[in-house]
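Just below is one structure, and these are the notes that go with it.
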């Protein structure tokens, strides 16, 4: 919704200044608005796949040779999620469930490197929901990250997910 409003405002502004702005520049602005929307949707899919431990959906948001830190390639990414789910299932079987997992990204800055490459800067945290009524949620980890994104066959994908970025 937010991006639809931004796109509408961008279109209105472009209409007003169209005589002074080239058609190519207008197309670039509109493309970037659409790219931002697609990247926002990509990151939502990433977080939902991770939080629901859906290995196939998780690997699908990466390029075929994409990486999460040192874990590289679709098979390795799927295995990482399958192993995480196995660990959660074992904890739950022992009476120690982890609670619902939620990955939160905030203070994002999207930097376009060129037409088909972008870098996403953000802070993140992993929160586990309460296991029992009245228990507090638990913040398990926080940090900042810088991800490399690439457009492949018209679709934005994660090339590198770096959740432990060094200071820039």
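Every number in this text was worked out from the coordinates using simple rules, so none of it is lab data. These figures come from a predicted structure and were not determined experimentally. In this analysis, Cβ positions are derived from the backbone assuming ideal geometry, glycine residues included, and neighbour counts consider all displayed protein chains.
Tell me, what is the FRET efficiency for residue 25 and residue 4 to the nearest 0.05, using R0 = 22 angstrom and their Cβ-Cβ distance as r? Taking R0 as 22 Å, the efficiency between residue 25 and residue 4 is 0.55. Listed options for semi-axes √(5λ) of the Cα gyration tensor in Å are [x] 25, 19, 16; [y] 36, 19, 13; [z] 33, 17, 15. The value calculated from this structure is the one marked [y]. Exposure proxy for 85, 132: other Cβ atoms within 10 Å of each Cβ, ordered fewest to most, give 132, 85. Using only Cα atoms and rounding to the nearest 10 degrees, what angle (0 to 90) does helix 23-51 make with the longest principal axis of the chain? The angle comes out at about 10 degrees. Taking each DSSP H run with n ≥ 4 as -39500 (n - 2.57) and averaging over every residue of the chain yields -14500 deg cm²/dmol at 222 nm. Normalised by the number of residues in the range 2-161, the average gap of Cα pairs under 8 Å and 6 or more apart makes the relative contact order 18 percent. A full extension of the chain between residue 83 and residue 52 corresponds to an added length of 9.8 nm, given 0.36 nm per residue minus the alpha carbon distance. Length gained on full extension, residue 106 to residue 131: 6.5 nm, using 0.36 nm per residue less the C-alpha separation. The range 124-158 and the range 40-108 have their alpha-carbon centroids 9 Å apart.
Computed on the range 41-116, with alpha-carbon pairs under 8 angstrom and 6+ residues apart, the relative contact order is 27 percent. Distance between the modelled labels on residue 139 and residue 38, one decimal in nanometres: 3.5 nm (7 Å Cα→Cβ projection).
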